[in-house]
Amino acid sequence: MYWVEVRAADVRILCGCPEDSVKHLLRTGLIAQIEVKGVACETGPNAILLSDLAIQNGREVVFEKSPARKADEAEFIMLKDGGIAFEGNASELREMAANDLYVEAFLA
């Protein structure tokens, strides 16, 4: 994933868009909450270059279904109203869904 920015032209290009790119852009500050003329919005790319193939380290990624136990090794991030509503593993997400209608609806 690469970020190309031409400030003079107000162009911000995200080259490649892997599954967790939004999480990385939030953490690095390339996506941030701002206010413009009294309206809440977010910064971020205004163009995204995509590929038909998932590439990692120069090789095509082959996706396979993982055993259910692997879900707790993955990190999930959920956005709501321009911010992070949840970040954690699958067990934590299911726990949160028991008490949060937004998360419950997301998992349905």
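The values are calculated or read from the model by the stated rules, or taken from the named source; none is laboratory data. Since we're looking at a predicted model, the values are computed, not measured. Reconstructed Cβ throughout: ideal geometry from the backbone, glycine too, with neighbour counts over all protein chains shown.
Which numbered condition in (1) exposed (fewer than 11 other Cβ atoms within 10 Å of the Cβ); (2) in contact with a Phe, Trp or Tyr (Cβ under 7 Å, 6 or more places away or on another chain); (3) of a type in the set (A, V, I, L, M) is the only one that L50 fails?
All conditions pass for L50, except number (2).
Considering each residue of the stretch 40-99, count those that are on the phi > 0 side of the Ramachandran plot and modelled with pLDDT under 85, and give that number.
Total satisfying the criteria: 4.
Residues in the stretch 75-108 that are closer than 23 Å to E35 by Cβ, free of Cβ contacts under 8 Å to residues at least 24 places away in the same chain and in a loop (DSSP other than H, G, I, E, B): how many?
Within the stretch 75-108, residues that are closer than 23 Å to E35 by Cβ, free of Cβ contacts under 8 Å to residues at least 24 places away in the same chain and in a loop (DSSP other than H, G, I, E, B) number 1.
Please go through (1) within 21 Å of Y2 (Cβ to Cβ); (2) at pLDDT 85 or above for E35 and return the number of the only condition it doesn't satisfy.
All conditions pass for E35, except number (1).
Quick one: how many residues across the stretch 20-31 are of a type outside the set (K, R), surrounded by 10 or more Cβ atoms within 10 Å (Cβ to Cβ) and free of Cβ contacts under 8 Å to residues at least 12 places away in the same chain?
1
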